[in-house]
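This report concerns only the one structure given below.
Computed from the coordinates by the stated procedures, all read-outs in this text should not be read as laboratory data. These numbers were taken from a predicted model, which means no experiment stands behind them. Heads up, the Cβs are rebuilt from the backbone with ideal geometry, glycines too, and the neighbour counts pull from every protein chain shown.
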Amino acid sequence: MTPEKQIRVKIAKNIIEQCEILFSAQAWKFFQNFGRGYLYLHKVVNIQHSGGNNFSITEGVSHLGNSVHYVAKGSEAWNIAKLSQAAKEQPIEYARFFALIDTYEPDNEYVVIVGFNYGSDATEYWFLRKPEVPPQQAFSLVRGRPLEFGVELF
């Protein structure tokens with residue numbers, strides 16, 4: 001794994017860990033409304049590797065904003081992902097991912113993708129999360145005290 005890829009994976013994991021209860025709650029809310037699917041968060045990150053352990057990281061603005069989106073199985077976005085160039089180029093990885101959506105346990109788990117950048121620099125990392133606070137319980141927590149979790153309404 002390249003140093004840049006390692007940094008992106010670390011950034012993705014840090015984002016998820018910092019927002020675990022909110023993501024878990026959102027996953028439950030979306031699952032209840034739309035069925036199986038995954039959370040998607042897009043980040044624009046430029047990593048300049050200047051040798052050794054020296055990196056500079058700058059964050060840009062995503063055209064999707066900083067919100068988390070839900071991609072429900074069978075939706076238009078789902079079908080686009082299944083037909084994407086990335087899915088064609090990595091059929092085994094995507095087959096594993098789509099099978100995961102069929103088998104994860106929404107009461108205890110959720111799936112999240114953190115996507116980085118656009119075009120030839122675009123990368124996505126997906127994670128099956130088993131949060132300490134299960135999605136249904138996280139939903140109750142966030143719904144009862146949304147400001148505590150950084151959202152006005154839930």
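Regarding the stretch 90-111, can at least one residue be identified that is within 19 Å of Asn14 (Cα to Cα) and not hydrophobic (A, V, I, L, M, F, W, C)? Among the residues of the stretch 90-111, at least one is within 19 Å of Asn14 (Cα to Cα) and not hydrophobic (A, V, I, L, M, F, W, C), which makes the answer yes. Residues that are of a type outside the set (Ser, Thr, Tyr) and without any contact (Cβ under 8 Å) to a residue 12 or more places away in the chain were ranked within the stretch 1-18; the one that is farthest from Arg145 (Cα to Cα) is Met1. If the condition is being within 22 Å of Gln136 (Cα to Cα) and not in a helix (DSSP H, G or I), then the stretch 1-30 contributes only Cys19. Inside the stretch 105-148, residues that are acidic (Asp, Glu) and surrounded by 13 or more Cβ atoms within 10 Å (Cβ to Cβ) make up a count of 2.
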